[in-house]
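The values are calculated or read from the model by the stated rules, or taken from the named source; none is laboratory data. Everything quoted here is computed from the prediction, not taken from an experiment. Cβ atoms come from the backbone with ideal geometry, glycine included; neighbour counts cover every protein chain shown.
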Amino acid sequence: MNWKWIYLLSFICVVGLLLYFSGTQDEARGNSVTRNGQSHLEGVKDGRSSDHVQAPDFTLESLTGRKLSLSGFRGRYVLLNMWASWCGPCKQEAPHLVQIDQAFQDTQLMVIGVNMTSQELNLSDVRAFVEKHNFSFPILLDKDGSVMDLYHVIGIPTTYLLDPKGRVIQKFRGVITLEKITETLDGKVAK
């Protein structure tokens with residue numbers, strides 16, 4: 001058998017084991033797991049959610065040192081964006097997030113950034129990224145990776161659009177734009 005095939009099969013087995021055990025850890029930690037062992041968000045695919053799945057609540061420290069909970073934003077639409085400073089697509093998306101935040105500034109839409117701090121080299125990279133891109137919306141720090149696990153973030157950027165009751169309207173993987181958000185909201189939030 002060719003060594004290339006052996007390496008490929010070994011890689012597939014390792015990835016399979018990692019995926020299996022990551023689900024088991026979520027279950028053991030009680031990360032928003034239902035009776036059948038599935039996460040509430042596991043069934044939310046990319047695109048619109050017709051199931052009105054409740055987004056799991058969490059509390060994180062912000063970049064300014066305040067503790068903020070997702071549930072504290074109930075009553076408003078929330079654009080929950082998960083990112084890291086080293087991520088190429090996150091760098092491409094940053095100007096779009098600023099544009100979305102500015103376009104919906106005086107409305108019921110709130111942009112919240114969740115930095116995957118557990119995946120960062122240091123906090124100064126996060127601060128530099130926020131300053132470089134002029135983020136004025138809250139930046140929450142997922143220092144232990146709990147929100148990343150809770151929301152099953154595999155790739156970044158990943159963004160959830162939530163309704164005022166905290167239910168998932170749509171999940172986006174990859175770069176989001178003002179056009180995508182405006183189209184998704186379809187007049188629900190006046191600009």
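In table form, for the structure just shown:
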read-out	value
Single residue of S124, S69, S85, S136 found to be among the small types (G, A, S) and closer than 20 Å to I169 by Cβ	S69
Pair list, Cβ < 9 Å and 6+ apart or interchain, from region 117-132 residues that are within 17 Å of V153 (Cβ to Cβ) to residues that are assigned to a helix (DSSP H, G or I) and polar (S, T, N, Q)	S118/S146; V126/T117
First in region 85-109 and surrounded by fewer than 18 Cβ atoms within 10 Å (Cβ to Cβ), second anywhere and of a type in the set (S, T, Y) and not in a helix (DSSP H, G or I), Cβ under 6 Å, 6 or more apart	Q108/Y77
Some residue of region 106-120 being closer than 26 Å to K180 by Cα and assigned to a helix (DSSP H, G or I)	no
Single condition I154 does not satisfy, out of (1) at pLDDT 95 or above; (2) closer than 15 Å to W83 by Cβ; (3) hydrophobic (A, V, I, L, M, F, W, C); (4) within 17 Å of the chain's Cα centre (by Cα)	(1)
Residues of region 139-170 satisfying the condition of being among the charged types (D, E, K, R), touching a strand residue (DSSP E or B) at 6+ places or on another chain (Cβ under 6 Å) and surrounded by fewer than 21 Cβ atoms within 10 Å (Cβ to Cβ)	D163, R167
In region 121-159, residue farthest from C90 (Cα to Cα) [restricted to those that are among the hydroxyl-bearing types (S, T, Y) and part of a helix (DSSP H, G or I)]	S146
M116 being within 20 Å of G187 (Cα to Cα), of a type outside the set (K, R) and surrounded by 14 or more Cβ atoms within 10 Å (Cβ to Cβ)	no
Positions within region 69-112 being among the polar types (S, T, N, Q), closer than 25 Å to T59 by Cβ and at pLDDT 95 or above, in sequence order	S69, S71, N81, S85
Where L123 falls short, out of the listed (1) under 16 Å from the mean Cα position of the chain (by Cα); (2) surrounded by fewer than 17 Cβ atoms within 10 Å (Cβ to Cβ)	(1)
One residue from V114, V98, V78 being among the hydrophobic types (A, V, I, L, M, F, W, C) and touching an Asp or Glu at 6+ places or on another chain (Cβ under 7 Å)	V114
Some residue of region 45-55 being under 23 Å from R167 (Cα atoms), basic (K, R) and more than 14 Å from the chain's Cα centre (by Cα)	yes
